[in-house]
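Heads up, the thing below is written out as structure tokens.
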Amino acid sequence: MTSPLPERPLKLGTRRSPLAMAQACEARARLCNAHGWPESAVELVPVTASGDRIQDRPLADIGGKALWTKELDAWLISGEIDFAVHSMKDVETVRPEQFIIAAVLPRADVRDVLVGAASIHAIPPGARVGTSAPRRAALMLHARPDLTIVGFRGNVATRLAKLQTGEADVTLLAAAGLERLGETGVGHPLSEHEWLPAPAQGAIGIECLSSRDDLRHWLSAIDDTPSHDAIRAERALLLALGGNCHSPIAVLTTTDGTTLTLRAAIYSPDGAERVEDSESFAPRNADAPARLAHRLLEAAPEAIRVHFSGT
């Protein structure tokens, strides 16, 4: 399919980190290939996000996921960029109404990769696990309460360097990010059925103003429906749970083509308490993720419920 070239190059906003730039390049390539445009039809516009600037504190303590999006949001509103590319895992569950996720690219590997040991059980007793993600910390402490969690933030290269200098004994990284950076030989992937992923892990979304019908039309050509359906369901579950950056939530979505199945678990931050349930439903059923959230919270002890505001 060949579409007429835009009157001017479209500006695609992205965070400046190496992984974000790789994701933006993938988004540009897919969009240009879909419409028969040269790459020059889409200009990458990098921004240093607040979340990238502040590395010495957990994200949950300094403003949460909005630190990944607020600069790009401001540029969208001002017209400095036409659209923005995001790791959907890092996008707040509730977004301003003037924005829309117009496309989700085909989802990559949802698994976590363990770096520093061959398996969870092979981690030495009492070892230090470097992570600032509440989900990863809770899952690890649930499986291995003898381990110690130490705060660990930064891009992939930074975290691998911290591991090399002994700030932790093992760490966890997203397989999708490693793959996009060409680091596929790093660490040991963990089964997504035993070690449930983060909501929206492995998914790239492209966001624009809801009023930009031209962009929504162009982006529809690269929207992967199965991936978008799964991400929509996982984000609806997050919304219904009332989770925040401190809330350990893990979810795996599977599909047989006509039915989605959400398998979700919520934890106390220390990993001592865990509740799991699942729900199968037709894609775009807006009520099903909320039903699953309600059952999870109903079954959860106070040590878990206190970290969620859903009902």
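Some notes on this structure:
- In this calculation the C-beta distance from D213 to E302 is compared with R0 = 35 Å, giving a FRET efficiency of 0.15.
- Dividing the helix sum by the residues of the chain, where each DSSP H run of 4 or more adds -39500 (n - 2.57), gives a mean residue ellipticity at 222 nm of -9500 deg cm²/dmol.
- Straight-distance crosslink candidates among lysines, where the alpha carbon sits under 24 Å from K70 and sequence neighbours closer than 8 are dropped: K11, K89
- A286/E194 FRET efficiency (R0 25 Å; Cβ-Cβ; nearest 0.05): 0.25
- For segment 156-194 versus segment 250-297, the gap between their alpha-carbon centres in whole angstrom: 26 Å
- With the simple model of a label 7 Å out from the Cα in the direction of the Cβ, H121 to E39 spans 4.6 nm.
- Linear extension gain, D146 paired with V94, 0.36 nm per residue minus alpha-carbon span: 15.1 nm
- Distance from segment 103-134 to segment 13-32 (C-alpha centre basis), Å: 24 Å
- In order along segment 255-272, the phi-based Karplus estimate (6.51 cos²θ - 1.76 cosθ + 1.60, θ = phi - 60°) of 3J(HN,Hα) comes to 9, 9, x, 10, 10, 9, 10, 9, 10, 10, 9, 10, 10, 7, x, 7, x, 5 Hz; Gly and Pro are listed as x.
- Residue exposure sequence - D112, D224 - by fewest surrounding Cβ within 10 Å: D224, D112
Every read-out reported here was derived from the displayed coordinates using simple, explicitly stated rules and does not represent laboratory data. Bear in mind that the values here come from a model prediction, so they are computed numbers and not experimental data. Please note: Cβ atoms are built from the backbone with ideal geometry, for glycine as well, and neighbour counts cover all protein chains shown.
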